[in-house]
Amino acid sequence: MPQGAFVTLLGPSGCGKTTILRCIAGFERADTGSIRLDGREIGGLPPERRPVNTVFQSYALFPHLTVARNVGFALAVRGTVGRDDARIRRALRTVRMEALADRYPHELSGGQQQRIAVARALVAEPLLLLLDEPFSALDRGLRGHLQLELKALQRELGTAFLHVTHDQEEAFALSDLLVVMNAGRIAQIGSPREVYSRPADSFVANFLGEASLVPGRVVEARERAVLETALGMVEAPAGAPLSPGERAVLVLRPEQLRPGGPGPWRARVRQSVYRGDRFLLDLEAAGIGLAAYAAEPIAPGSEIALGFEPERTCITRLAA
Amino acid sequence: MRSGRRLLLPAVAVLYLPIAVLVLFSFNDAEVMALPLSGFTLRWYAALRANEAFLAGLLTSFRIAVPVGLLAAGLGLLTALGLRGAASGLRALVLLLLLAIFLVPKSVLAIGQAMLLQLAGLSRGYWALVLAQATAFLPFTTLLVGAAVLRLDRRLEEAARDLGASPLVTLRMVTLPLLAPAILAAFSAGMILSLADATLARQLAGPVQPLSLVVASAFQRELRPDLNAMQTVLLAVTFLVLGLGLARRHRRRRAARPAPVEPDHAARRPGPRRSAGSIAGRC
Amino acid sequence: MSALLLVPGLLLVLAMGVAPLLAMALIGFWSVDEMVLVPDLSARAWLEAAGSATILGLLGRALLYGSATVLLCALLGYPIALAMSRLPPLLKGAATVVLLTPLYVGEIARIYAWRILLGVNGPINWVLVESGLLDEPTRVLLYTPVSTLLALVYNNLPFMTLAIWIAAERVDLRLVEAARDLGGRPFAAFRRVTLPLTSPGLLAGALATFALAAGDQLTPALLGGTSGSTAMSMIDSLFGVAFDWPLAAATAWLLLILLLGVALLVLLLTARLPATRIVLGGGR
């Protein structure tokens, strides 16, 4: 992980991302490999000796301690006296919770509890902060606001954050670097933009946002690839190293398609789905299902021209 | 189904009938315990103040009950914690032993213990009784603390370790405080069961005379109101112990019960609370 | 590492629980000579115990008292347990405390109180006579199997009720409502839904109650009069007055084997029940 970065492990449930987090924190043992922090091997250390702190999914606030005592727990354990109060207050101020210092966790709302959990994990100034789906227990409305706060906090502190989620929007909003995982393996590492526009395989393409995948066979492949598909020959940037003759997919995102043209394809509208801010058109062309955005609905059954922007699409390999 | 509930009041009445009778006649101004009542009096209680056997017996009962409570609760705590991390074979063994202790009649156990003491050349008396009672009540106290141990959220202990607490410090700062109500309940139960016991005392007390034995030997011959008074005193003490234990636990539990949540200034309504124990680590 | 925590409790249980029983088994092989114990390897005591009509009769009586207590406790305990399970959570805790009252009262106090209640001049007789139901006080209440059984039920009702209640708590009330909805009368709903689903609790309570009732020595002795001689009181007098420790030990072990047999029976029954599989399988 780069120093001071906000990195997210993104992937579906069961892909192993929480397990990695727990290995780093010290609650699980890895069978192979090593964990190095700041050049030091920490894989053999018990959790209490690692300079890593965790924000748990359920926050795990100590119910028998006040907010102040919760936040100051890491300091109380170390036995530092006297300077504690100031550090606790500072931590509480960072998450704007000083007024509630004498309350108990059960008296707080979900969002407040989350902030306390973050303050508690930061007060001991760890080298790395781990966050296990910290927003999953909160309402959508609350999430957006707290995500911005968390991002700002990370920037301000400069501490490295490693965050785990299955929510792609959250990952995009927070991360400097994304690690997309699938079934225990890393599918791709990159910035959110890289991963979105140049997915390394069809799984990544599908997992991050809407995508229609057009299968085909590679004709040519260098930095750009040429794919032979049912819709004709398509040339587009390559997301992964490909070889001629290989089976691959063209990744088309709805915002990259131009329903009504101008464009080389013809498609039939199956239905128009209202999305609030726009319509999603469920299209079919040459037997392949495609999705595109439109400002106005188009009647089902209509035939339309369909264009696309080759520079914004991508040809990438089929996931295993 | 309110019809079921109406049954409970008569049931409670029947449960308390013996107690009612005991207490009633201790205030009755008559030597014979028969209805109709003869008027209210405190003379039986007044007589107790001069009754050496009674006072000694009461003190002895306490001198036995408190160590038994401490021992049973302490060992119950250790056993409950030990069972949590034990391998399934060991766990099964311990649970089986505790079950066996519970099912073997106290009288058989007492005779066996007396035989063992004889074989070992040890005498009956204070320590024999304390250890025997602690053993007999261990299944109860282990159950009481064990239930609380099961309800403990493992993530809380993980959080403590994550923040730098060694397993021992975690035990002291997180686990034990959270188990405190159950430990108190176990201590209470141990004391109360000890005060209530006569079977083990009969075989193992030797020279030591707790109140239950004092009363037992007296009423072999006749029923006397001052014996009622004695037992009412013991009963009152028992209920006091019970009440204190419950009151302390109630105070703690009220602190832990979720109060109405106030909304965050940034949210319209607070987020849903997740039961921490149900979030299995899926990844 | 946590296994170390188990050591103190285990030591106590082994020393004061297992060792006494083993000591008793050992002494069963000894002989007595003029009030002196002789370490021996004789089967005399065992044979005498197993062959004695008196002892076998008393064991039979223990079986009888135990079963009768279980039956009565089940009949009384079920309605109470079900009523308790329908209480609001606040009252449930109080109900548990109230239910366990007989336990706090103390063995001697219980027996003593029943002596007063059931005596010829006692309140119950007084009420019966005053209300005209009887012409004169009845003697049937005290120093008879009635008094013994009454006291045994009183002593053990909390355990049975608690066991059923814990099982009843896990029964989804909606299942019972569904049964009523589908045309069942209350008792039919009980028989077809509640009873099967709570049967593991019933069996656990039955086992506990049986063991406690069959092993109770003081209650029958002090309340049962002549009918109050039990296997336990025989063991007690063999141990104390008669000083025939080997025979006492052998008889005690026979009683234990009887209890073990009942326990195994209950375990077999419980394992066979579909309800157990459902309840232990975690589904509803």
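Each value in this text was obtained by applying a stated rule to the coordinates, not by laboratory testing. Computed from a predicted model, the values in this text were never measured in an experiment. Every residue, glycine as well, gets a Cβ built from its backbone with ideal geometry; the counts of neighbours run over all protein chains shown.
Data table
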quantity	calculated
Full-extension gain in nm, B:Thr41 to B:Val66, via 0.36 nm per residue minus C-alpha separation	5.8 nm
Label-point separation, A:Glu125 to B:Leu55 (7 Å along Cα→Cβ), nm	6.6 nm
Alpha-carbon centroid distance for the pair the range C:1-63 / the range A:143-203, whole angstrom	70 Å
Value of Rg/Rh across the protein assembly as shown [Cα atoms, Kirkwood radius]	1.11
Note, ³J(HN,Hα) from phi for the range B:175-183, Karplus 6.51, -1.76, 1.60, rounded to Hz, x at Gly and Pro	4, 5, x, 6, 8, 3, x, 5, 5
Mean residue ellipticity (222 nm) of the protein assembly as shown, computed from DSSP H runs ≥ 4 via -39,500 (n - 2.57), nearest 500	-17500 deg cm²/dmol
C:Ala68-C:Arg185 FRET efficiency (beta carbon distance; Förster radius 30 Å; 0.05 resolution)	0.55
Residue among A:Ser243, A:Gln3, A:Leu208 farthest towards the positive dipole end of chain A, charges placed on Cβ	A:Gln3
Ascending count of other beta-carbon atoms within 10 Å, so fewest first, for B:Val215, C:Val262	C:Val262, B:Val215
Shape of the range B:1-132, Cα gyration tensor, a/c cut at 1.5	oblate
Under the Debye formula (equal points on every Cα, no solvent term), log10 I(q)/I(0) of chain A at q = 0.07, 0.13, 0.14 Å⁻¹	-0.38, -0.96, -1.05
Cα-based radius of gyration of the range C:171-284 once divided by 2.2 N^0.38 Å, which approximates compact folds	1.55
Computed Kirkwood radius, in angstrom, where 1/r is averaged over Cα pairs of the range B:1-74	16.0 Å
Residue order, fewest to most surrounding Cβ atoms within 10 angstrom, among A:Val218, B:Val68	A:Val218, B:Val68
Nearest-0.05 FRET efficiency for A:His145 and C:Leu128, computed from C-beta distance (R0 60 Å)	0.20
GNM top mover of B:Ala198, B:Ala247, B:Ala34 - chain B, alpha-carbon springs below 10 Å	B:Ala34
Pairwise label distance in nanometres, C:Val38 with A:Ile189, each label 7 Å out on the Cα-Cβ vector	8.7 nm
Cβ-derived FRET efficiency at R0 45 Å, A:Asp85 paired with B:Arg84, nearest 0.05	0.80
Between the range A:285-320 and the range C:90-139, the Cα center-to-center distance that results, in Å	85 Å
Nearest-20 debye value, the range C:120-236 charge dipole, Cβ charges on Lys, Arg, Asp, Glu	500 debye
Exposed trypsin sites (Lys or Arg not before Pro) absent: longest stretch of chain B, with sites in DSSP loops and at most 10 other Cβ within 10 Å deemed exposed	B:50-220
Fewest-first ranking of A:Asp167, A:Asp85, using other Cβ atoms within 10 Å as the exposure measure	A:Asp85, A:Asp167
All-pairs alpha carbon distance profile, the range A:202-317, 5 Å steps from 0, percent	2, 13, 22, 24, 18, 12, 6, 3, 0
Over the range A:6-197 - Rg/Rh using Cα atoms and the Kirkwood inverse-distance radius	0.96
More than 21 angstrom apart: percent of Cα pairs within the range B:51-221	55 percent
Hypothetical label at A:Ala152: residues of the range A:54-98 whose amide nitrogen lies under 16 Å (7 Å Cα-Cβ projection)	A:92-98
Chain C - Kirkwood radius from inverse mean 1/r over Cα pairs (Å)	21.7 Å
For A:Ala238, residues with placed amide H under 5 Å, excluding near neighbours	A:Arg224, A:Ala225, A:Ile315
Simple spin-label estimate for C:Leu91 and B:Ala13 in nanometres, 7 Å along Cα-Cβ	1.6 nm
Distant-in-sequence amide H partners of A:Gly4 (H built 1.01 Å from N, under 5 Å)	A:Ala160
